[in-house]
Each structure stands twice: as structure tokens, then as C-alpha cells.
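Just so it is clear, none of the values below were taken in a lab; they were calculated from the coordinates. Everything numeric in this text was worked out from a predicted model, so none of it was measured.
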Amino acid sequence: MKRNIFSILLSLLLLVSCNDKKITNNNISSSEIIEQNEYSDSYESIIEDESDTYQKAYFKKNISIYINPSVQYDNEYANNLGNEGENMNKISNILVDILKENTNIDVYCNNELPGLSLSSSIKNSNSLNVDYHLALHSNAGKGKGSEGWYDSSSYYFTKSIIDSLDNVLPYKTRGLKNGISTLYELKKCNATSSLIEILFHDEEVQALFITTHYEQIATAIYDGIINYFIKSYGI
């Protein structure tokens, strides 16, 4: 009889203990759960899904833009990581796709390899009578960081893109510069025009960053464009 009572008491204690464990596990915070699953396949898939999310923007005003990646194929990257023309073309292709998929902006691009010459691409941009012209380049001279060159009407457009890039690039921006009297592309384009020097491709760290972060760079440029258009035109 004593043995039966002992067995019953032991069973009750085990039952209570199991319930306590369930309650404790249910009280784990979401951050702790993510930390526990940091290297699981499900956690990785969540991160991938988030990277594919872009802010969508549909404007009442018709807006058009011409994306003009560098055609300087002789400008070699450090450590044989390609050249300026090829790498800027890859970024511009991603940028064009994001713009077309997430906005109602009319998007044009000099994105065939090899692209139109600089003078021909400017004529193409002018013939399309676009509102904005954006040139994408990487820099040389062993410096660090991005630069934004603006014309007489593109200061804030350029600044929005540079500010957005500054959130993702490994070095802080070198700032904004007036290129209306010095840069052929800004002088000859009819549209509001900007030229972005993303990083210095003749420095190893920056060359590697560009060639391993095409989508991140394109997304930052996209965000800069959209943020400016939203402030300027509303949605």
C-alpha cells in the first residue's frame, strides 16, 4: 500500500515538472529563439526573404530617368576583379530591374555591352527627353569613399543618393561636388543630371566590396532615388 502511494506521488511530481518546463519554454523571447536558430535553414530563409523586399512607389506625376553606367572598360579593378564598365553595368541592370518592378517610373538605360559611347548615350538620353539622367561610375586615385557630382538643378537629387549609399558602403562619402563646369556628361545632358562615383576601384577593399555587393549598392541607389521623388512629388 505504501509503495502504491509513493508511486502515485512520484508520478504527480513528474507531471508538474513537465508542465513547468512547457511554461518556461513558452516564455522564451523571440530574440532568444532567433539566437538559438541562428544557423538553421529556416533562419537563413527569413533573411533572404527580407533582402528581396523593396519599397514600392507609384507617382501621380509621370517621371522618366536614364541610367548611364560607365563605358570605361579600360579602367581595371584591383586584384583583377574586372573593369569599371562591366561592374557598373551589372549594378545598373539590377537598379533598372528594381525600378521597373516597384515603380511606375519610365526607365531607360545604356545597358548593352559594350554600351553606347559617352557622347552617343548623352544624345540618346536627350532624344528621349527624360526628366533625370544618372551616371554610375567607380573612381580611381587610391582614395576612399563615394562622391556625388551635381549640375545646376540636381544637388538634392544627388545628395539623396549619396546619403543612401553612405548607409551601406565601407567608407564614408567624400561629399558632393559641383560638376556643371567640369564634367562633360553634366554639361551636355538636358535632364537634371547626377554622376555618382561609388568607391575607388584601384584600392583592394573597395574593389572587392563593389564586386561582391552589386545588389546592395543598387538597392541603396534605388532608395535614394525613390526618397527624393517622394519628397519632391509625393505618391
**Fill in**
Listed by chain and number, the residues whose amide H is under 5 Å from that of residue 200, excluding neighbours fewer than 5 places away on the same chain and using placed H, are 139, 145
**Asked** Relative contact order (percent) for segment 48-180, with alpha-carbon contacts under 8 angstrom and 6 or more residues of separation?
**Response** 25
**Message:** I'd like the Karplus ³J(HN,Hα) series for segment 99-114: coefficients 6.51, -1.76, 1.60, θ = phi - 60°, whole numbers in Hz, and an x wherever there's a Gly or Pro.
**Reply:** 4, 5, 7, 10, 9, 9, 6, 7, 10, 10, 7, 8, 10, 8, 9, x
**Asked** What is the Cα radius of gyration of segment 139-235 over 2.2 N^0.38 Å, N being its residue count?
**Response** 1.08
**Asked** Non-local amide H neighbours of residue 135 (under 5 Å, H modeled in plane, Pro and chain starts lacking H): which ones?
**Response** 68, 194, 195, 196
**Prompt:** When the Karplus curve 6.51 cos²θ - 1.76 cosθ + 1.60 is applied with θ = phi - 60°, which whole-Hz ³J(HN,Hα) does each residue of segment 92-98 get, with x for Gly and Pro?
**Reply:** 5, 4, 5, 4, 4, 4, 5
**Fill in**
Here segment 223-235 yields Karplus 3J(HN,Hα) values (6.51, -1.76, 1.60; θ = phi - 60°; whole Hz; Gly and Pro given as x) of 4, x, 4, 5, 4, 5, 5, 4, 5, 7, 10, x, 10
